Amino acid sequence: MSKILVIGACGQLGSELTLTLRSMYGDNNVVASDLREPDGDLANGPFEILNVLNKTDLANIVDKHTISQIYHLAAILSAKGEKDPKFAWDLNMNSLLNVLELARDKNLEKIYWPSSIAVFGPNTPSLNTPQHTVMDPNTVYGISKLAGERWCEYYFEKYGVDVRSLRYPGLIGYKSKPGGGTTDYAVDIFYKALEDGSYESFLSENTYLPMMYMDDAIKATIDLMEAVKEKIQIRSSYNVAAISFSPKEIAGEIMKHLPNFSITYNPDFRQSIADSWPDSIDDSEARKQWGWQHQFDLSKMTSTILSGLRDLLN
Ligand code: AKB
């Protein structure tokens, strides 16, 4: 039985992915790790405090738990990265290199590392952005993700490290909040809709971005990691898509459930980041090669989040 280490397990994606992996493979086969102590259900399985920049601690944890697979999710996201670019670069890059080196040296079975739509930039075709195209990211987060993709392919080609990756769109869940991203508005809007009945968007009304409900993101991640090696023909990172919408459209969808909800627009520095990213993504390679299919459209996602969040807040 493979033993899995999740790095960044307390984050927006990490907390839900860890619990799904534990339900699939057993609590004791999935070790969660993060800089901070876990809360909620995450505390019900093995947990290690880990700063992934510390290579020795990382290696000791891998040895202690006989880890064979790593999901490395820790990163500084787009908006936060712009506040301290050097730190974002150091963390995003050196943490990935630590994991790839360890995977090569200890001959680990598989590695998962997320990339992002942030690898694209202002000169990338923004409608149905192809898998292979111009990539000129202008955020430090996007630059680090693009460099990371090149490193993943390099470690696969040169050393045979079985590293797999997805270019996530904005991930929307309600069980834990994201931090420091440009797509975070699409999570905040649900909290504010239920708590205050109104929301001030930091992106303008017609800003379209590729998005995905958390359950689909987890499904995509696990489908990719479970796929037989021969099907994984892209070793940089796969485009994956589900839905695309603007603040105005998601507000309209929320109003179908909460007719008194209102939205105002007050774009800030995150507008220019959003403007440099695609409106929609062509993910046909993922669909063809390993059978990716999403399950949540805007209306199904909205009703699922509103009813789940109502229960959580009550
Ligand atoms: C962000 O907004 O920075 C992230 C991303 C799209 O990778 N959610």
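Among the residues of the stretch 107-115, are any under 21 Å from Ala242 (Cβ atoms), in contact with a Pro (Cβ under 6 Å, 6 or more places away or on another chain), part of a strand (DSSP E or B) and at pLDDT 95 or above? Looking for residues that are under 21 Å from Ala242 (Cβ atoms), in contact with a Pro (Cβ under 6 Å, 6 or more places away or on another chain), part of a strand (DSSP E or B) and at pLDDT 95 or above, one finds none in the stretch 107-115, hence no.
Just so you know, in the stretch 174-196 the residues that are within 13 Å of the ligand (Cβ to nearest atom) and part of a helix (DSSP H, G or I) include one that is nearest to Gln271 (Cα to Cα), and it is Tyr185.
Of all the criteria given as (1) small (Gly, Ala, Ser); (2) within 23 Å of Gly180 (Cβ to Cβ); (3) outside any loop (DSSP other than H, G, I, E, B), the one not satisfied by Ala103 is (2). Answer with yes or no whether Ile218 is farther than 19 Å from Met255 by Cα and within 13 Å of the chain's Cα centre (by Cα). Taking the combined requirement at face value, the residue satisfies it. Just checking, does the stretch 5-26 include any residue being crowded, with 21+ Cβ neighbours inside 10 Å and more than 29 Å from Leu312 (Cβ to Cβ)? There is no residue in the stretch 5-26 that is crowded, with 21+ Cβ neighbours inside 10 Å and more than 29 Å from Leu312 (Cβ to Cβ). Over 22 Å from the mean Cα position of the chain (by Cα), over 14 Å from Asn206 (Cα atoms) and among the β-branched types (Val, Ile, Thr): does that describe Ile281? No; evaluated as a whole, the condition is false for this residue. Please find, among Phe261, Phe296, Phe245, the residue that is touching a helix residue (DSSP H, G or I) at 6+ places or on another chain (Cβ under 6 Å), within 16 Å of the ligand (Cβ to nearest atom), of a type in the set (A, V, I, L, M, F, W, C) and at negative phi. Result: Phe245 is the single residue among Phe261, Phe296, Phe245 that is touching a helix residue (DSSP H, G or I) at 6+ places or on another chain (Cβ under 6 Å), within 16 Å of the ligand (Cβ to nearest atom), of a type in the set (A, V, I, L, M, F, W, C) and at negative phi.
Table: residues versus (1) within 14 Å of the ligand (Cβ to nearest atom); (2) touching a residue at least 12 places away in the same chain (Cβ under 8 Å); (3) buried (at least 22 other Cβ atoms within 10 Å of the Cβ).
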position	(1), (2), (3)
Ser198	no, yes, no
Ser237	yes, yes, yes
Val240	yes, yes, yes
His257	no, yes, no
Asn266	no, yes, no
Ser276	yes, yes, no
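Restricting Leu127, Leu203, Leu171 to those that are touching a residue at least 60 places away in the same chain (Cβ under 8 Å), surrounded by 23 or more Cβ atoms within 10 Å (Cβ to Cβ) and either in contact with a Gly (Cβ under 8 Å, 6 or more places away or on another chain) or assigned to a loop (DSSP other than H, G, I, E, B) (or both) reduces the list to Leu203. Can you pull out every residue in the stretch 141-171 that is within 13 Å of the ligand (Cβ to nearest atom), within 21 Å of Ala227 (Cβ to Cβ) and of a type in the set (A, V, I, L, M)? Matches in the stretch 141-171: Leu166, Leu171. The residue of the stretch 130-149 that is farthest from Gly8 (Cα to Cα), among those that are of a type in the set (A, V, I, L, M, F, W, C) and in a loop (DSSP other than H, G, I, E, B), is Val134.
Selection of the stretch 122-140 for residues being of a type in the set (Ser, Thr, Tyr), more than 22 Å from Asp84 (Cα to Cα) and within 16 Å of the ligand (Cβ to nearest atom) yields Thr124, Ser126, Thr129. Count of the stretch 80-113 residues, restricted to those that are buried (at least 21 other Cβ atoms within 10 Å of the Cβ) and within 16 Å of the ligand (Cβ to nearest atom), is 7. Selection of the stretch 68-100 for residues being assigned to a loop (DSSP other than H, G, I, E, B) and among the hydrophobic types (A, V, I, L, M, F, W, C) yields Leu73, Ala74, Ala75, Ile76, Leu77.
The values are calculated or read from the model by the stated rules, or taken from the named source; none is laboratory data. In this text, all values refer to a predicted model and were calculated from it rather than measured experimentally. Quick reminder, even Gly has a Cβ in these numbers, built from the backbone with ideal geometry, and neighbours come from all protein chains shown.
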